[in-house]
DNA sequence: GCAAGTTGCTTCGAATTCGAAGCATGTACG
DNA sequence: CGTACATGCTTCGAATTCGAAGCAACTTGC
């Protein structure tokens, strides 16, 4: 009846696969650069970048984990590595004794500053070179919208909603 | 002087980060669905999907690895798992005794057929719902272009080019 | 204030991931 | 044909990844 639902899939799947493929390819390329020039992994770079962006250079573990889309235990491990290398410090939040606040050190900022130019270069060469200025705008806008949408969408199987009533 | 090169970086970085973030979020969501409904990982799904698309349901290991952006050894491992579960078979290529050809089995096709609807559903809900039809087209086109560009770009440190001459 | 439930982080074990090394086959060129 | 190199895959070891379980600190409702 509705001529809509079915026939779209092919186009959609193309866009979807292209998106994921570009993401993988880019990440792979960028990881090479980070590894050889600064001995950092992609996650570590992301963490440091986010800390650099923060007004006071600090974030709680959970916020970082959610931000970079990583498991909590995984982030604990990575934060440990970064700390061992003197790029961040960890101390418990005075406002919430459970929380751990990660802060970027001067060495961390210096490293990011050193790596960023080359990093941007790789991205520019691979991602932006084949794009007209117009496309960049669209891409940025559309992806931003999608990101916000996904972030706002509750994980389909939302918390069991422990209802007070006996039913269930 | 040129008001162009420098000031762009901020916008560009935004688009770039949005792209990577959406990729991560999508993959994460999709992985949940595949794992609970069919006990497949994202890579395994991609491999089976590519085999399904192939005219004869076969691909060489290397082509698969490059296609899904995965290490060779990693693909060996995954192919082993898929084979153990009866979703693919592996046999050496008669045309090239070194090569191994992976072929999808009926069980493999059946599994993909079973999973695809739910899979498409997740993607539609997260990626396409917030997009106008127009945006989808642009996205598809732009990302396709980028993908081709990256695929065509030699890995910056191209093969040492063992020149015959003595000068390095 | 305290019992029950949440939330934030780490530890633990098992699975996955990658690059380097190993092996076998294929190809170029004399 | 035979040497030298290239290519395709797997095995190996070390590093990473995640979810489940554990622990400590908060919050709520009384």
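Each other copy places its own label point for residue A:95 at 6.4 nm from this one, sorted shortest first, where the point lies 7 Å along the Cα-to-beta carbon line. From most to least packed by mean Cβ count within 10 Å, the peptides B:13-20, A:118-125 give B:13-20, A:118-125. Counts of other chain beta carbons within 10 angstrom of each beta carbon in peptide B:26-36 average 3.
Of all the options B:144, B:86, B:67, the one that moves most in a Gaussian network model of chain B with Cα springs shorter than 10 angstrom is B:144.
With label points defined 7 Å past Cα in the direction of Cβ, position residue A:42 shows copy-to-copy spacings of 0.8 nm, given to one decimal and shortest first. When peptides A:106-113, A:44-51 are sorted by average Cβ neighbour count within 10 Å, with the highest value leading, the order is A:44-51, A:106-113. The alpha carbon centroids of segment B:59-88 and segment B:93-160 are separated by 15 Å.
The smallest convex shape that holds all Cα atoms of the protein assembly as shown, its convex hull, gives 226 Å³ per residue. What base-10 log of the normalised intensity I(q)/I(0) is obtained for segment B:34-96 from the Debye formula, alpha carbons as equal point scatterers, at q = 0.16 Å⁻¹? Values returned for q = 0.16 Å⁻¹ are -0.50. Taken residue by residue and averaged, Cβ atoms of other chains lying within 10 Å of the Cβ of A:130-138 number 5. In the elastic network of chain B, a GNM with C-alpha springs shorter than 10 Å, the most mobile of B:60, B:35, B:151 is B:151.
Can you put B:135, A:63, A:95, B:96 in order of Cβ neighbours within 10 angstrom, beginning with the fewest? Write out the running numbers ahead of the final one.
Details: B:135 19, A:63 15, A:95 7, B:96 10.
Least crowded to most crowded, the residues run A:95, B:96, A:63, B:135.
Considering the rotation that superimposes chain A on chain B, the residue of A whose beta-carbon lies nearest the axis, and that distance in Å, is A:23, 2. Shape descriptor for segment B:16-150: Rg over Rh equals 1.00 (Cα atoms; Rh from the Kirkwood inverse mean 1/r). Each of A:41, B:71 was scored by other Cβ atoms within 10 Å of its Cβ. Listed from fewest to most, they are B:71, A:41. Take residue A:74, push a point 7 Å out from Cα through the beta-carbon direction, and compare it with the same point in every other copy: 1.1 nm, smallest first.
Coordinate-derived values only; no laboratory data. On a predicted model such as this, the values are computed, not experimentally measured, just so you know. Quick reminder, even Gly has a Cβ in these numbers, built from the backbone with ideal geometry, and neighbours come from all protein chains shown.
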